[in-house]
Amino acid sequence: MNSKVVVSLENVSLKYHSLEGETPAINNISFKVNEGEFIGIVGPSGCGKTTILSLIAGLIKPTTGQVLVYGKKVQGPSTSVGYMLQQDYLFEWRNIMQNALLGLEIRGKVTEDSKKKVERLLDTYGLGDFRKHYPDQLSGGMRQRAALIRTLAIDPKILLLDEPFSALDYQTRLVMSDEVCTIIRKEGKTALLVTHDISEAISMANRVIVLSERPATIKNIHEIQLTSEDNTPISRRQAPEFRQYFNAIWKELDVHV
Ligand code: ADP
């Protein structure tokens, strides 16, 4: 694996301020992400996972410490980082092609070339015949794929995925995690996935960061090495080592029912 560092958090803390007072969300977080890595971030609900992605995306600034993307301090949103959220946020009144072009349109970058690229992405990932369809004519999985293509259209080098499958039923989730992994690897992206689902993180990521309760600190970082046939999330779930990772992370999360 290439060891060029693309994302780096150095002693990052963040406190939210509101009328009710101060909420420390994350505390002294440091980690590095190498090019081509797929990082899973797990932690209790409300511990600060999304906050970490928002910092990398440049949507918020750290209270202390610094966030670097490609060695430069993050000052605001940039085209090198794409963000995919829980809900697909497709516009119902735009067809799939128009939705996929949205990011480029906002940046004033719709050209014949960029349109061809989006068409290629839609073709490659099974939505070529649905270009003229509207979001409500697509299944949940297809909508999520369209949202991913919209994110890929601006050609970000880093993809942030925030619980991207949580609105989908279990079976679709499994299929989508396979698809998304394949797409991300094929397009040569670096990815950070936030999820509350331990199995999802282990099956998709090469490293899993485990966070504590809020304010989040890093409890552990697991290097995931699984013996699996084709390295897809579904076959990785069958690997003999899978359960050991699951049990270790489950213990660290100290989940109370
Ligand atoms: P997670 O993604 O792990 O569920 P978040 O990063 O979304 O957690 O939030 C961490 C904590 O910060 C939560 O307690 C949440 O209520 C609080 N928080 C998130 N965003 C804001 C905000 N804009 N203003 C004030 N508090 C916030």
I'd like to check something: does segment 120-141 contain any residue that is out of contact with any helix residue (DSSP H, G or I) (no Cβ under 7 Å at 6 or more places or on another chain), within 27 Å of ILE52 (Cβ to Cβ) and not β-branched (Val, Ile, Thr)? no
For THR232, are the conditions met, namely being of a type in the set (S, T, N, Q), in contact (Cβ under 8 Å) with a residue 40 or more places away in the chain and closer than 27 Å to LEU14 by Cβ? no
Tell me yes or no: at least one residue of segment 90-101 is under 18 Å from ALA57 (Cβ atoms), aliphatic (A, V, I, L, M), in contact with a Leu (Cβ under 7 Å, 6 or more places away or on another chain) and surrounded by 15 or more Cβ atoms within 10 Å (Cβ to Cβ). no
Those residues of segment 208-229 which are open to solvent by 40 Å² or more (accessible area, probe 1.4 Å) and in contact (Cβ under 8 Å) with a residue 24 or more places away in the chain, in sequence order: GLU213, ARG214, PRO215, THR217, ILE218, LYS219, ASN220, ILE221
Name the residue that is most open to solvent (accessible area, probe 1.4 Å), counting only residues in segment 162-184 that are away from the ligand (no atom under 15 Å from the Cβ) and touching a residue at least 60 places away in the same chain (Cβ under 8 Å). ALA167
Hits in segment 42-82 (condition: of a type outside the set (S, T, N, Q), within 13 Å of the ligand (Cβ to nearest atom) and surrounded by fewer than 14 Cβ atoms within 10 Å (Cβ to Cβ)): GLY46
Condition check: without any contact (Cβ under 8 Å) to a residue 40 or more places away in the chain, among the hydroxyl-bearing types (Ser, Thr, Tyr) and exposed (fewer than 14 other Cβ atoms within 10 Å of the Cβ). Does THR111 satisfy that? yes
Log entry, pairs with first residue in segment 42-55 being touching a residue at least 40 places away in the same chain (Cβ under 8 Å) and assigned by TED's automatic domain parsing to the domain that holds LEU211, second being within 6 Å of the ligand (Cβ to nearest atom) and part of a loop (DSSP other than H, G, I, E, B), beta carbons closer than 7 Å, six or more apart or on different chains, reads GLY46/ARG214; CYS47/ARG214; GLY48/ARG214; LYS49/GLY43
Across (1) over 22 Å from ILE29 (Cα atoms); (2) touching a strand residue (DSSP E or B) at 6+ places or on another chain (Cβ under 9 Å), PHE130 clears everything bar (2)
Scope segment 110-166; condition more than 23 Å from MET204 (Cα to Cα) and among the hydroxyl-bearing types (Ser, Thr, Tyr); matching residues: THR111, SER114, TYR134
Looking only at segment 23-39, decide whether some residue is open to solvent by 10 Å² or more (accessible area, probe 1.4 Å), under 15 Å from the mean Cα position of the chain (by Cα) and either hydrophobic (A, V, I, L, M, F, W, C) or within 30 Å of GLN137 (Cβ to Cβ) (or both). yes
Tell me which of these LYS189 doesn't satisfy, since it passes every other one: (1) farther than 12 Å from PHE38 by Cβ; (2) touching a helix residue (DSSP H, G or I) at 6+ places or on another chain (Cβ under 9 Å); (3) open to solvent by 10 Å² or more (accessible area, probe 1.4 Å). (1)
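The values are calculated or read from the model by the stated rules, or taken from the named source; none is laboratory data. This structure is a prediction, so every number in the text was calculated from the model and none was measured. Methodologically, a virtual Cβ is constructed for each residue, glycine included, from the backbone with ideal geometry; neighbour enumeration extends over all protein chains shown. Calculation scope for accessible area: heavy atoms of the full protein, side chains included, ligands and nucleic acids excluded. Shrake-Rupley method; radii C 1.70, N 1.55, O 1.52, S 1.80 Å.
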